[in-house]
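The structure appears right after this line, and notes come after that.
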Amino acid sequence: MSSVSRRRFMQLAAATAAGTALPASIARAASVPAAVRTGTLADVEHIVVLMQENRSFDHYFGTLGGVRGFGDPRPVSLPSGKSVWYQSGSGTETLPFRPDEDNLGLTFIEDLNHDWNGTHQAWNHGRWDQWIPAKSRTTMAYLTRKDIPFHYALADAFTICDGYHCSMHSSTDPNRYYMYTGYSGNDGAGNGPVLGNEESGYGWKTFPEILENAGISWKLYQDVGEGLDGAHKWGWTDDPYIGNYGDNSLLYFNQYRNAQPGNPLYDKARTGTNAKAGEGFFDQLAADVRAGRLPQVSWIAAPEAYSEHPAWPANYGAWYVSEVLDALTANPDVWSKTVLLITYDENDGFFDHIVPPYPPRDAGWGLSTVSVAGEFYESGASSGYQKGVPYGLGPRVPLLAISPWSTGGWVCSQTFDHTSLIQFVEKRFGVYNPNVSPWRRAVCGDLTTAFDFTGANSGVPSLPGTGDYQPPADHSRPPDYHPVPPSAGQVPKQEPGSRKARPLPYNLAADTEAKSGRMYFTFTNLGDAGAAFHVTSRMRSDGPWPYTVEGHKSVTDSWHLPSGASDWYQYSVFGPNGWLREQAGTIGGLGPEVTARHDPATGYVTVTFKNPSNRKVTFTATDAYAPSDHWTYTLDPGASREVPKWGVANGWYDINVTADHDKSYVRRFAGHVETGKASTSDPAIATA
């Protein structure tokens, strides 16, 4: 970087208050009221997407209070029978750990494997147990509020989504193709599918082209670096403090590469600031905001040093994000109509404990009520890539919804991925992108549940400044830091307390019936949004099994059961936002059953006990949210009993049922009853 641009950078950094002072720009971001005209999504006039690099949700926010992080009371079990936290490799067990470094937010933590093959190795057909062999023990490293206070303060001031996933089990470019186009050329169009960072030139239609054809204004904000053409690596320069790090993935499409000045694809995607000549990274963005010409849809690509890509420090990114906010709030009238979505393209190999939804390839895997076409990589021009595996969803990554309609420290737990960014724009501006698959549209929401468009605003938060996060003036760079896990690990604790929770469109059920030597599961979706179920069994080695059920549909499947009366069976069914159904017992004890249904009108659960056997059965039920209480129900042969309005903790329940006819008998029902109204995060997270 030239001395001129370095001075310019120092001027920009100085504009942000140092230490823990509250930057005026960020105060404005949370205090400017929404421009409410209709009280609907139609009031949003500008959508801005800032996609940073390579951080998983648990890696950044596993200890944040009130989100599904390290305190998750219902984590999936590994094939070993241990909780998902206990990852093993080379005979060594490693749990999540905070590296022993005082200034971790400014530490250059090493980069990890995050390619197609390595990430699918960690996925291991949904078993989620090969993270350390694929990524090394550093995969289990995480940061806390102490390390990244600005990121945590943003989550406390606005809305964080803890069910947001990257789109692919792979690296940067293909995940960004999902953001910019809706897929990665999965159907073979335009030189796809693309599984890595080949950047060889593609030709399928991108989302900005769809917007252009519909008359929707758009723009890519970036720094040109050494230049935005192939001779200059499309903005990825040898100087990490300028350029776009190659994160404007539109430039890997031939229609953009061949565009000339005057063509919208050139003017809106191949122009930008020139920091090398002394221009500030945010000058054009701030000028457009102040002049009231911010496009309806915008994307921002940061230089490498500020992208948060390991080994670059997280807090260099915090400085960059704060400056983006400063630019967007330069005109309060524009900000009052703007949504900023901050997310990360992929997880870099850092561990996250939630097994992402994925489609069933065939009936041997599971079932889906919606087509899964285009969701599996079967063949392509590139060799060396594992085949017959799903593109995604990938691991969870953070998403922060920053806007006047999302203030107040909320959590939204609907399942999303990068196509949700497209769906949000589609929903607002009435366009349609055919690249987004039916399966993605069923499973991944459109982000509208992360907002309250009535315009509620919670006032000014206390956010730390980022002036201390500027790189050294000489841009010196220490060696990469290789964390060493402690000799004895433990599951980390989350911050205490709950978080306000957005209402979700889920109402799920899973019922079982044993007959003719088989266990039948019926997965029922009584809600409006599609959902993915993840089934595991500690009695079998050939799972897990994925099921996708669209809203207001159901699907039934069955498994062969052991034949001996004393043989044991066990199944667990996981769904979004901590939803769980579990059953266990002996074959000889099959017959008596329990079902649970949400009642959205009342906010309660209706539990039904059935005894089709020829003997009297006494059921005993407990709820983890009322651990001192026990309920018993004795049913004669052939009888059933319905227990309505099961008391729950603000909609949360975790009911465990045993029965006297079988010492191994367990039926467990856990989740949250959605009523269409705001609630609170899972209270068990704070005590797990």
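The values are calculated or read from the model by the stated rules, or taken from the named source; none is laboratory data. Just so you know, these numbers come straight off a predicted model, no measurement behind them. Here the Cβ positions follow ideal geometry from the backbone for every residue, glycine too, while neighbour counts run over all protein chains shown. Protein only, heavy atoms only, side chains kept; ligands, DNA and RNA dropped before computing areas. Shrake-Rupley method; radii C 1.70, N 1.55, O 1.52, S 1.80 Å.
Within the option set Asp147, Asp187, being touching a residue at least 60 places away in the same chain (Cβ under 8 Å), under 21 Å from Ser371 (Cβ atoms), of a type outside the set (A, V, I, L, M, F, W, C) and assigned to a loop (DSSP other than H, G, I, E, B) holds for one residue only, Asp187. Would it be correct to say that Val194 is farther than 26 Å from Trp116 by Cα and either touching a His at 6+ places or on another chain (Cβ under 7 Å) or touching a residue at least 12 places away in the same chain (Cβ under 8 Å) (or both)? Against the criterion (farther than 26 Å from Trp116 by Cα and either touching a His at 6+ places or on another chain (Cβ under 7 Å) or touching a residue at least 12 places away in the same chain (Cβ under 8 Å) (or both)), Val194 does not qualify. Kindly indicate whether any position in region 326-342 is within 30 Å of Trp128 (Cβ to Cβ) and either at pLDDT below 95 or under 25 Å from the mean Cα position of the chain (by Cα) (or both). Yes: region 326-342 contains one or more residues that are within 30 Å of Trp128 (Cβ to Cβ) and either at pLDDT below 95 or under 25 Å from the mean Cα position of the chain (by Cα) (or both). Just so you know, in region 58-96 the residues that are in a strand (DSSP E or B) and open to solvent by less than 10 Å² (accessible area, probe 1.4 Å) include one that is nearest to Ala141 (Cα to Cα), and it is Thr94.
Within region 542-575, how many residues turn out to be in contact with a helix residue (DSSP H, G or I) (Cβ under 9 Å, 6 or more places away or on another chain) and over 29 Å from Thr634 (Cα atoms)?
Taking region 542-575 as the starting set, the residues that turn out to be in contact with a helix residue (DSSP H, G or I) (Cβ under 9 Å, 6 or more places away or on another chain) are 548-551, 561-569.
This time we only want the ones that are over 29 Å from Thr634 (Cα atoms), so: 548-551.
Summing the residues that are in contact with a helix residue (DSSP H, G or I) (Cβ under 9 Å, 6 or more places away or on another chain) and over 29 Å from Thr634 (Cα atoms) in region 542-575 gives 4.
This table checks each residue for (1) touching a residue at least 12 places away in the same chain (Cβ under 8 Å); (2) over 22 Å from the mean Cα position of the chain (by Cα).
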| position | (1), (2) |
| --- | --- |
| Leu78 | yes, no |
| Lys82 | no, yes |
| Gln87 | yes, no |
| Thr92 | yes, yes |
| Thr107 | yes, yes |
| Glu110 | yes, yes |
| Asn117 | yes, no |
| Trp128 | yes, no |
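Of all the numbered requirements in (1) of a type outside the set (A, V, I, L, M, F, W, C); (2) open to solvent by 10 Å² or more (accessible area, probe 1.4 Å); (3) in contact (Cβ under 8 Å) with a residue 24 or more places away in the chain, Lys387 misses one, and that requirement is (3). For region 22-37, does any single residue satisfy the condition of being under 20 Å from Tyr344 (Cβ atoms) and modelled with pLDDT of 75 or more? Among the residues of region 22-37, not one is under 20 Å from Tyr344 (Cβ atoms) and modelled with pLDDT of 75 or more, which makes the answer no.
Every test in (1) crowded, with 17+ Cβ neighbours inside 10 Å; (2) more than 27 Å from the chain's Cα centre (by Cα) is passed by Leu211 save one, and that test is (2).
Inside region 534-583, residues that are among the charged types (D, E, K, R) and open to solvent by less than 30 Å² (accessible area, probe 1.4 Å) make up a count of 1.
Filtering region 642-654 to residues that are surrounded by fewer than 22 Cβ atoms within 10 Å (Cβ to Cβ) and farther than 24 Å from Asp156 by Cα leaves Glu642, Val643, Pro644, Lys645, Trp646, Gly647, Val648. On the stretch given as region 602-632, residues that are among the acidic types (Asp, Glu) and either farther than 24 Å from Thr675 by Cα or surrounded by fewer than 20 Cβ atoms within 10 Å (Cβ to Cβ) (or both) total 1. State whether the residues of region 409-426 include one that is open to solvent by less than 20 Å² (accessible area, probe 1.4 Å), at pLDDT below 95 and of a type outside the set (Phe, Trp, Tyr). Scanning region 409-426 turns up at least one residue that is open to solvent by less than 20 Å² (accessible area, probe 1.4 Å), at pLDDT below 95 and of a type outside the set (Phe, Trp, Tyr). Residues considered: Gly105, Gly126. Of these, the only one that is of a type in the set (Gly, Ala, Ser), within 16 Å of Glu53 (Cα to Cα) and open to solvent by less than 60 Å² (accessible area, probe 1.4 Å) is Gly105.
Of the residues making up region 136-169, those that are open to solvent by 10 Å² or more (accessible area, probe 1.4 Å) and under 22 Å from Phe97 (Cβ atoms) number 8. Of all residues in region 493-511, which are more than 19 Å from Glu582 (Cα to Cα), open to solvent by less than 20 Å² (accessible area, probe 1.4 Å) and either aromatic (Phe, Trp, Tyr) or in contact with an Asp or Glu (Cβ under 7 Å, 6 or more places away or on another chain) (or both)? Hit for region 493-511 is Leu504, nothing else.
Check whether at least one residue in region 512-528 is part of a loop (DSSP other than H, G, I, E, B), surrounded by 17 or more Cβ atoms within 10 Å (Cβ to Cβ) and touching a residue at least 60 places away in the same chain (Cβ under 8 Å), and report yes or no. Yes - at least one qualifying residue is present in region 512-528. If you go through region 260-275 and pick out every residue that is open to solvent by less than 30 Å² (accessible area, probe 1.4 Å) and in a loop (DSSP other than H, G, I, E, B), you end up with 1. Checked against (1) buried (at least 24 other Cβ atoms within 10 Å of the Cβ); (2) in a loop (DSSP other than H, G, I, E, B), Asp362 passes all but a single condition, namely (1).
Taking the criterion of being surrounded by fewer than 22 Cβ atoms within 10 Å (Cβ to Cβ) and either on the phi < 0 side of the Ramachandran plot or not small (Gly, Ala, Ser) (or both), the residues of region 219-251 that qualify are Glu226, Asp229, Gly230, Ala231, His232, Lys233, Trp236, Asp238, Asp239, Pro240, Tyr241. Taking the criterion of being more than 18 Å from Tyr358 (Cα to Cα) and hydroxyl-bearing (Ser, Thr, Tyr), the residues of region 156-204 that qualify are Thr159, Thr172, Tyr177, Tyr180, Thr181, Ser200, Tyr202.
Do you know which residues across region 210-230 are under 19 Å from Glu45 (Cα atoms) and either part of a loop (DSSP other than H, G, I, E, B) or not polar (S, T, N, Q) (or both)? Scanning region 210-230 gives Ile210, Leu211, Glu212, Ala214, Gly215, Ile216, Ser217, Trp218, Lys219, Leu220, Tyr221. Selection within region 585-601: residues that are open to solvent by less than 10 Å² (accessible area, probe 1.4 Å) and of a type in the set (Gly, Ala, Ser). The member of this set that is nearest to Tyr547 (Cα to Cα) is Ala596.
Evaluating Glu101 against the criteria (1) assigned to a loop (DSSP other than H, G, I, E, B); (2) within 27 Å of Asn248 (Cβ to Cβ); (3) not basic (Lys, Arg) leaves one unmet condition, (2).
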